[in-house]
Every structure is written in C-alpha cells, then in structure tokens.
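Below is one structure, written out as structure tokens, with a few remarks after it.
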Amino acid sequence: MPQTQQVTTVDVAIIGGGLVGASLACALGDLIEAERDERARANEGERRAPLRVAIIEPQPLPRADETNAYQPSFDARASAIAYGSRRHFEQLKVWPAMREQASSIRHIHISERGHLGATRLHADELGVEALGYVIPNAWMGRALHARLDQLPIDWHCPARVETLEAEHGGYRLTLDTGEIIQAGLTVLADGGRSGFKERLGIESNHHAYRQTALIANVEMNRAHDGWAFERFTQEGPMALLPLTGRRMELVWTHEQGDVEEALALPDTLFLDRLQRTFGDRAGRFRRVGQRHAYPLSLVTARETIRPHLAILGNAAHSLHPVAGQGFNLALRGVMDLATAIEKARANGRTAGDALTLAEFEASRTADTHQIVRFSDGLIRLFGIDHAVLGHARAAGLIGLNALGPLRRTLARRAMGIER
Ligand SMILES: Cc1cc2nc3c(=O)[nH]c(=O)nc-3n(C[C@H](O)[C@H](O)[C@H](O)COP(=O)(O)OP(=O)(O)OC[C@H]3O[C@@H](n4cnc5c(N)ncnc54)[C@H](O)[C@@H]3O)c2cc1C
C-alpha cells in the first residue's frame, strides 16, 4: 500500500535557516504574536486564521563544545554589524543576547598602503555609542535560534527541501523527511546553495573578483580600544575588526593563486608577512588562529520576486565582504519583507499576493543598487594599481577626512542609519 504523505499548509515557507532565514522567521514570529494579541483584544476569537510560518534548515546548529562542526551560515567568521542592524536586532528581541559577545567599533581608520591618505571616523562625532559591532556568526546563530524556540514557528531542522514546484496559489515543497509543505509564499533564503534559483530559471549576474578572502582571528600586543581598520594594499583590501580582549578578526583578500600558500604558511611566517603588509598602526601581531578561505564574487539575481516567491540574502545578492555590507543589506530586506506581509494581512491580503511582493520589491531596489555599487566600486577603485590614481585616492582620503559633513553622511550610510 502506498504510504500517505503528510501535507502541511502554511502562509510562508522559508528555505534556509541561516542568518537571513532565521532573522525573517523571528520577524514573522513576532507578527504572529502581535496578531494573536490583537485578536484577543478585539475579541475576534479564531475568525481569522493566524499566520503560519515554516522554516526548513538541513544543518543543525553546532553544540557549544563542537568548535569544528560545519554550519555554513554560523561558521568561524565574525561579522561587522552596522548600527542600523543593531536597531533591527532590538526590534527582533535578540539584541540582549547578541550584545553579550558584541565588540563595539568606536573608530574606523581607512588607509592605503604606500600612500599618505587616511580617513578616520569616530562614533562620538556622530552622537552614537558605536559605529557598529563585531559579533561571531556562531553566536548570532545561537541568539536567533534561542529566540525562534520561543516563537510559534514550524521549525524543520535537520531537514532539506528536495523539490520546489509551482502550483496554483503557491509552491509545493518536498522535504527529505518525506513531509510536503504547501506555501502561499516561499522565501528562498538558501544562500544560493540549493540550486533552486537555477532550476526555476532565475538568472544572475556574476562577476568573479578572482580573489579569495582569508579569515582568521589574530591576537595583538595591545588593546584595540574599539578601532577597526580598513587597509587597501596592492594584493587586495584587508580589514581588521575588534573582537573581545586583544583579539581582532582579520579579513585579508588574496589573489586566487596566492591563497593556498598563505593558508599553508607556518604561523610565524604568516604573522611576519601580515605585519609587513599591514604595518604597525594596530600594533604588533602576536598570534593567529585557524585560517579559512572564501572565494569572492559579486552575484546578483536578476529577479528577486515572482508570484508567490521572494529571494533574500546571499541568494539575492552576494557581495565582496570588504565593506562588511552583505548581511546588513540582507537584514534590511528581511525587515522590509516582514513589513510588507504585516501590511498585507492588516488589509485582508495574503503574504504571497502580487501587491505584497511588488511593495516589498519597490522598498528594496534603491538600497540594494546603492550598496552593490558602493562595495563593488571600492574594489574597483582600490584594485587598480596606478601611480596617478593612487595619489588621487590618497588625496580623496585626506580630503574626506577634512570634509566633516560629507564624511558624516558617508558614515551614516555605512552604518545603515541613512538611506
Ligand atoms: C568572508 C566573508 C565575510 C563577511 N563579512 C560580513 C560582515 O562583516 N558584515 C556583513 O554584513 N556581511 C558579511 N558577509 C556576508 C554575510 O556572511 C552573508 O550576507 C550572510 O552569511 C548571508 O546569509 P544567508 O542566510 O543569506 O546565506 P547562508 O549563510 O549561505 O545560509 C543559507 C542557509 O540555507 C541552508 N540551505 C541550503 N540548501 C537548503 C535546502 N535545500 N533546504 C533548506 N535549507 C537549505 C544552508 O544550510 C544555510 O544554513 C561576509 C561574507 C564573507 C564571505
């Protein structure tokens, strides 16, 4: 006898419980709770069906003692979180947990090796406690998942979506557990890892930077005092971000062919090379932890909505990490989608209808274009090794330091508090 398959119907199915999918699930979980409170106050009983949300993620979060367990979104990296993202995390009620491991960025120093120019940004000039924060991805995962445990969300983990088929009024998802989910809105938050975008015929623009980011935690000989450093070198941009204690996270871009050697170097030789390339402005590099490599490219999906489908996070746009904007941009997308869904439901529409998704897309276009242009522009501007241009860039950095209002506007943009 054929086995009967369990079919669940939801309003929203989120494919991927990484940083982006888990953030969206938290935002929608809050919406479910707000709708319930509203119904109880208005004494509406169960007249209107509550929003139902499912999230599907194949990789369980590593336990606290599993430092080498693989979870792609919550791996060994730490992320620079803009001040604006802190506000979103406060809205999602995850900031108190996040801030336990968050290191404040109070000053940023931007320079170019071999040229005089440098610019400095300071939190107190902008009247904020910090320009941003650095938080280990694994810790962000824990905070988001702890919040999800408190919310009325269907959490399928470990489970993988194996097929995704369009049907009348939505999509049909088949999981490797045998379950079937029918969803009025499916959100692709799979980081572009599942192949569904391609199978649905959604094309992307690709630009391979032929660069790889080498990531490692380093320990300095002195306190960083909340300084973050962005340094452009002939080999590629480098960033040094403050972590707890004297530790900093290094993001060092290498030409693709050079990274294997840098990964294999003994620690002492690696530290020597790092010191020579970075200079002394952050102090002396004392120790380096495990090194990891991430090939870099700019990928932007040509469609981010279709009827009953929305694409978020790395699946929609994967950027060079030099300006630390990828997740910050994605989180604004998460909040805008949740707002569009909230508004739709308040007006008697569904999460996946055409107007809801058109409103979501309209709210994202300008921000996405601006950030993609900004991150890509930085790489192209500083990637060109040309003496005259180098001096022009140096003059630009010096000039930027002198131009208070413009620098403040740029800083507020990078902090995600001005669009
Ligand atoms: C080196 C580096 C440094 C960075 N630093 C910063 C920074 O400082 N600040 C910043 O804002 N951004 C930064 N970013 C960008 C940031 O990491 C990404 O924007 C973010 O990780 C994207 O998250 P995501 O959830 O979209 O995708 P992912 O992290 O890839 O998560 C996708 C999830 O989908 C799941 N999945 C895959 N297939 C399926 C399936 N079939 N069914 C169900 N689930 C599935 C995966 O298991 C995974 O958990 C950096 C990126 C890199 C590479």
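Tallying residues that are assigned to a helix (DSSP H, G or I) and farther than 15 Å from W252 by Cα within the range 269-288 yields 1. In the range 67-117, the residue that is nearest to the ligand (Cβ to nearest atom) out of those that are assigned to a loop (DSSP other than H, G, I, E, B) and at pLDDT 90 or above is A102. In this structure, is A346 surrounded by 23 or more Cβ atoms within 10 Å (Cβ to Cβ) and away from the ligand (no atom under 15 Å from the Cβ)? No; evaluated as a whole, the condition is false for this residue. In the range 324-339, the residue that is surrounded by the fewest Cβ atoms within 10 Å (Cβ to Cβ) out of those that are of a type in the set (A, V, I, L, M, F, W, C) and over 14 Å from G84 (Cβ atoms) is A338. Scanning the range 149-171 for residues that are within 10 Å of the ligand (Cβ to nearest atom) and within 23 Å of the chain's Cα centre (by Cα) yields H156, C157, P158, A159, R160, V161.
Going by what's in this entry, would A146 be described as more than 9 Å from the ligand (Cβ to nearest atom), under 18 Å from the mean Cα position of the chain (by Cα) and not charged (D, E, K, R)? When the stated conditions are applied, A146 does not pass them.
The condition of being within 28 Å of P307 (Cα to Cα) and out of contact with any Ser or Thr (no Cβ under 8 Å at 6 or more places or on another chain) holds for only one of G127, G195, G170, G184, that being G195. Among the residues of the range 121-156, those that are among the small types (G, A, S), part of a helix (DSSP H, G or I) and closer than 19 Å to L243 by Cβ comprise A138, G141, A143.
The values are calculated or read from the model by the stated rules, or taken from the named source; none is laboratory data. In this text the structure is predicted, and so the values were computed from the model without any measurement. Methodologically, a virtual Cβ is constructed for each residue, glycine included, from the backbone with ideal geometry; neighbour enumeration extends over all protein chains shown.
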